[in-house]
Amino acid sequence: MSVDWDTLLRAAGIVLAALLAGYVINRLLRSLSRRARLRRDKLVARIVDVVAPPASIALPLVLLAIASGLLPLRSDWLASVRHALGIGVMLCLTWLGVRAVGAIANRIIIEHPVDVADNLAARRIQTQTRVIGRIAQGGIALLGLSFVLMTFPAVRQVGTTLLASAGVVGLVAGIAAKPVFGNLIAGLQIALSQPIRLDDVVIVEGEWGRIEEITSAYVVVRIWDERRMVVPLQWFIEHPFQNWTRRSAELLGASMLWLDYRTPMDAVRAELQRICETDARWDGRVCVAQIVETDRSTVQVRLLVSARNSGDLFDLRCAVRERMIDFLLAHHPEALPRMRANIVRGTVAPDPDRVRVEAADRRARAVATDTGSPGAEAAGEAPPAEPRPPG
């Protein structure tokens, strides 16, 4: 079998020329990005960073598609090559769309940092950006994959058949994809209504934690002891939960003490005020000491304080409790709780064995006295005296 070297070399030259053009374009885009950074033109640099990787692959494919007519191939082979090149271009465009959405979302997140004192608005924007951005990326990827599949005649035939029986297929698909679409809709609801946001302090299933991550399917809650709780998005729509930072991060908290009735409340209030004023975690809003409960021996004192956020509040409550106990130990020990009992003086209950012995002894004495037997003397009793004559 003879080989047409001229035709083969011409085809190889076309392919190499297309690859070389793609490499040159890639290097030019990278150089443009570096120059934009040096000129502090960050917008151009970011655009080039997003466009360069997909473009460096898509442009050579486009050049190959244009030059495919010059390739010495049969018509059926040429159609297959053009089909493959078209799929590559569509995948590159899909990749470009996903990267563009990701770059826009990342830029919005960078411009709204949450590591500031008042980050309520930033957390709201970041939550919406992350959720909507991931949904948009998933939609673009699904759309691009659909276009690629529809280029195959067999897949188009299957699609036509599915459309002909859309009712049954839609019902089956809806039942099978209920969790997926439920989480998707829940993600949109959370992004728009925002019952939770990133870095929110929440109580979920009795666990205290912070919202660490919100994806298109689940939420990651970082528990206080560094555990992670993964909760489906739909759970937050269908179940009640506590959000401690829904409107603001400021909170009130109480430290409870059981003290004696002789506790000097004026001194306790003065000491609580001093503790709060010397602690940087107190925000200056609330500092109150009150008796909220009593029982037979003690009173319950509530030390109510406020702080800027839940973390500071927990530490402040512990500090208030510890320093108040130290103050009472040092200056008012009578305020500490103690047990009281009323002791009534009375006859001590006798020993049952001793009672039985004494009862038997008394019966023996009674018998000896009645019979006049000498056993009376043995029992320790003197015999009755004889009567003396008069005179």
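The values are calculated or read from the model by the stated rules, or taken from the named source; none is laboratory data. A quick note: this is a predicted structure, and the numbers were derived from the prediction, not measured. Virtual Cβ from ideal backbone geometry, glycine too; neighbours counted across all protein chains shown. We work out accessible area using only protein heavy atoms, side chains counted, and drop any ligands, DNA or RNA first. Shrake-Rupley method; radii C 1.70, N 1.55, O 1.52, S 1.80 Å.
Please specify each residue of the range 224-234 satisfying the condition of being free of Cβ contacts under 8 Å to residues at least 40 places away in the same chain and surrounded by 15 or more Cβ atoms within 10 Å (Cβ to Cβ). Before the answer, list the steps.
Going residue by residue through the range 224-234, those that are free of Cβ contacts under 8 Å to residues at least 40 places away in the same chain are 224-231.
Scanning the range 224-234 gives M229, V231.
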- prompt: Going by the structure shown, is R99 in a helix (DSSP H, G or I), open to solvent by 50 Å² or more (accessible area, probe 1.4 Å) and at pLDDT below 80?
  reply: no
- request: Search the range 48-62 for residues that are farther than 11 Å from R99 by Cβ and without any contact (Cβ under 8 Å) to a residue 40 or more places away in the chain and pair each with any residue that is of a type outside the set (V, I, T) and not in a helix (DSSP H, G or I) when their beta-carbon atoms are under 7 Å apart and the residues are at least 6 apart or on different chains.
  value: none
- prompt: Is there any pair linking a residue in the range 330-343 that is closer than 15 Å to D295 by Cα and open to solvent by 60 Å² or more (accessible area, probe 1.4 Å) to one that is among the aromatic types (F, W, Y) and at pLDDT 90 or above, with Cβ under 9 Å and at least six apart or on different chains, and which?
  reply: P337/W258
query: Is it true that some residue in the range 247-261 is within 27 Å of the chain's Cα centre (by Cα), part of a loop (DSSP other than H, G, I, E, B) and modelled with pLDDT of 90 or more?
result: no
- request: Please work out which residue is most open to solvent (accessible area, probe 1.4 Å), limiting yourself to the range 112-126 and to residues that are of a type in the set (D, E, K, R) and at pLDDT 70 or above.
  value: D115
message: Please determine whether any residue of the range 143-159 is within 20 Å of the chain's Cα centre (by Cα), modelled with pLDDT of 85 or more, more than 30 Å from D315 (Cβ to Cβ) and surrounded by 13 or more Cβ atoms within 10 Å (Cβ to Cβ).
response: no
query: Among all residue pairs at least 6 apart or on different chains, which show Cβ distances below 8 Å where the first residue, located in the range 254-275, is touching a residue at least 40 places away in the same chain (Cβ under 8 Å) and closer than 13 Å to V305 by Cβ and the second is acidic (D, E) and part of a strand (DSSP E or B)?
result: none
- line: V172 vs (1) at pLDDT 80 or above; (2) open to solvent by 60 Å² or more (accessible area, probe 1.4 Å): all pass except (1)
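On the basis of being touching a Pro at 6+ places or on another chain (Cβ under 9 Å) and at pLDDT 75 or above, does L16 make the cut? Don't jump to the end; show me each part of the working.
Values: touching a Pro at 6+ places or on another chain (Cβ under 9 Å): no; at pLDDT 75 or above: yes.
Judged against the criteria, L16 is not a match.
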message: Just checking, does the range 194-201 include any residue being among the aliphatic types (A, V, I, L, M), in a helix (DSSP H, G or I) and under 27 Å from G102 (Cα atoms)?
response: no
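Does L303 count as out of contact with any helix residue (DSSP H, G or I) (no Cβ under 9 Å at 6 or more places or on another chain), at pLDDT 90 or above, under 26 Å from N243 (Cα atoms) and open to solvent by less than 80 Å² (accessible area, probe 1.4 Å)? Walk me through how you get there before you give the answer.
Numbers: out of contact with any helix residue (DSSP H, G or I) (no Cβ under 9 Å at 6 or more places or on another chain): no; at pLDDT 90 or above: yes; under 26 Å from N243 (Cα atoms): yes; open to solvent by less than 80 Å² (accessible area, probe 1.4 Å): yes.
No; evaluated as a whole, the condition is false for this residue.
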Residues of the range 280-300 satisfying the condition of being open to solvent by less than 20 Å² (accessible area, probe 1.4 Å) and within 11 Å of V320 (Cβ to Cβ): A289
message: Quick check on my filter: what residues within the range 258-272 are open to solvent by 40 Å² or more (accessible area, probe 1.4 Å) and of a type in the set (A, V, I, L, M)?
response: A270
Which listed residue, of L78, L73, L93, L64, is out of contact with any strand residue (DSSP E or B) (no Cβ under 6 Å at 6 or more places or on another chain), at pLDDT 85 or above and either closer than 19 Å to I25 by Cα or not aromatic (F, W, Y) (or both): L93
